[in-house]
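The values are calculated or read from the model by the stated rules, or taken from the named source; none is laboratory data. Since we're looking at a predicted model, the values are computed, not measured. Here the Cβ positions follow ideal geometry from the backbone for every residue, glycine too, while neighbour counts run over all protein chains shown. The accessibility values were calculated without ligands, DNA or RNA, using every heavy atom of the protein model including side chains. Shrake-Rupley method; radii C 1.70, N 1.55, O 1.52, S 1.80 Å.
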Amino acid sequence: MERLAYLIKQRFPIIFRGIEALARAITGVRFSCGRSRALAVARLEGAVGDQAAFMRPLGADDVECLGRFLARMPESHLCFFHPHGFEPADLERVLRSSAFMTYGLFVEDELVAYALLKLSPTGSAFIGLLVEPGHTGRGLGRFLVGFLYWQASMAGLRARSTISRHNAASLKSHEAVTQYRVVGDLPNDYLMIEFPPGSLEAPKLAV
């Protein structure tokens with residue numbers, strides 16, 4: 001079902017927007033309890049290097065903060081990251097939506113990474129993450145994948161991802177967390193991958 005939705009998105013974007021709106025409404029109702037259960041325990045505190053850090057859910061009050069973060073990203077960082085639009089209205093819609101679970105990683109109160117789960121009516125939660133250039137190469141991608149994997153498990157959802165074969169850094173982050181399986185080949189050299197059922201134990205924020 002998810003593979004079909006991806007193909008419709010690529011080939012018939014106008015039709016997909018209508019389908020997506022209906023899917024979000026169904027998803028919000030079907031998984032509201034699991035989503036709330038996961039988000040209630042999503043705040044983690046720890047350290048990145050020798051700096052204090054914390055991970056927390058993002059809400060509508062974070063639109064400006066997230067917008068500034070995305071505006072700092074070079075185009076090379078965004079070429080594989082397009083789960084939603086980046087205009088303020090798009091961000092507010094996502095941060096208010098019950099079909100998304102959105103998170104920010106803050107180091108010394110500065111947003112340095114953005115992560116999300118995009119929920120599907122079929123029970124899948126699609127992973128997305130973005131780390132600012134100054135904090136890449138430090139293991140944050142591996143932590144974020146593990147965090148999202150844990151949150152999906154807490155919500156009772158299957159953790160999945162659509163990922164480009166050419167996005168070596170993201171593939172490496174996924175492989176470092178656990179063995180995944182490829183569940184489908186997608187257009188434009190993308191893969192759909194799925195994680196096995198995960199642990200309900202929160203990961204440590206110590207990178």
Table column - 3J(HN,Hα) (Hz), the range 80-86, Karplus curve with 6.51, -1.76, 1.60, x for Gly and Pro: 9, 10, 8, x, 6, x, 10
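Rounded, prolate or oblate: pick one for the range 116-207, where a ≥ b ≥ c are the square roots of the eigenvalues of its C-alpha gyration tensor, a/c under 1.5 means rounded, and failing that, prolate if a/b is larger than b/c, else oblate. Mind dumping the intermediate values first?
Values: a/c = 1.78, a/b = 1.07, b/c = 1.67.
Cα axes put the range 116-207 in the oblate bin.
How much net charge surrounds residue 71 when only other residues with a Cβ under 12 Å from its Cβ are counted (Lys, Arg +1; Asp, Glu -1)?
Every neighbour counted, the sum reads -2.
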A correct Karplus calculation of ³J(HN,Hα) over the range 97-112, with 6.51 cos²θ - 1.76 cosθ + 1.60, θ = phi - 60°, whole Hz and x for Gly and Pro, returns 6, 7, 9, 10, 10, 10, 9, x, 9, 10, 10, 6, 6, 10, 5, 10
Stretchable slack from residue 179 to residue 92, in nm (0.36 nm times residue separation minus alpha-carbon distance): 27.9 nm
Given H placed 1.01 Å from N in the peptide plane, which residues other than close sequence neighbours of residue 156 have an amide H under 5 Å from its amide H? none
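On the protein heavy atoms, probe 1.4 angstrom, tell me the percent of accessible surface of the chain carried by carbon and sulfur.
On the way: 5630 of 10330 Å².
Exposed carbon and sulfur together represent 55 percent of the surface.
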Give the angle, between 0 and 90 degrees and rounded to the nearest 10, that separates the Cα long axis of helix 63-72 from the longest principal axis of the Cα atoms of the chain. 80 degrees
Please list the non-local residues whose amide H lies under 5 Å from the amide H of residue 126, H modeled 1.01 Å from N, same-chain partners needing a gap of 5 or more. 118, 119, 120, 160
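Considering only protein heavy atoms, what per residue accessible area in square angstrom results for the chain with a 1.4 angstrom probe?
Numbers: 10330 Å² over 207 residues.
Result: 50 Å² per residue.
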Calculate one ³J(HN,Hα) per residue across the range 160-172 by plugging θ = phi - 60° into the Karplus curve 6.51 cos²θ - 1.76 cosθ + 1.60, and present them in order as whole Hz with x for glycine and proline. 10, 8, 9, 9, 6, 4, 8, 8, 4, 5, 5, 4, 5
Run lengths n ≥ 4 of DSSP H only: what is the helix-derived mean residue ellipticity at 222 nm for the chain, with -39500 (n - 2.57) per run over all residues, to the nearest 500? -12000 deg cm²/dmol
proj_area_mean for the chain (convex hull on C-alpha atoms), units nm², value 10.6 nm²
For the range 129-207 and the range 84-127, distance of Cα centres in Å: 15 Å
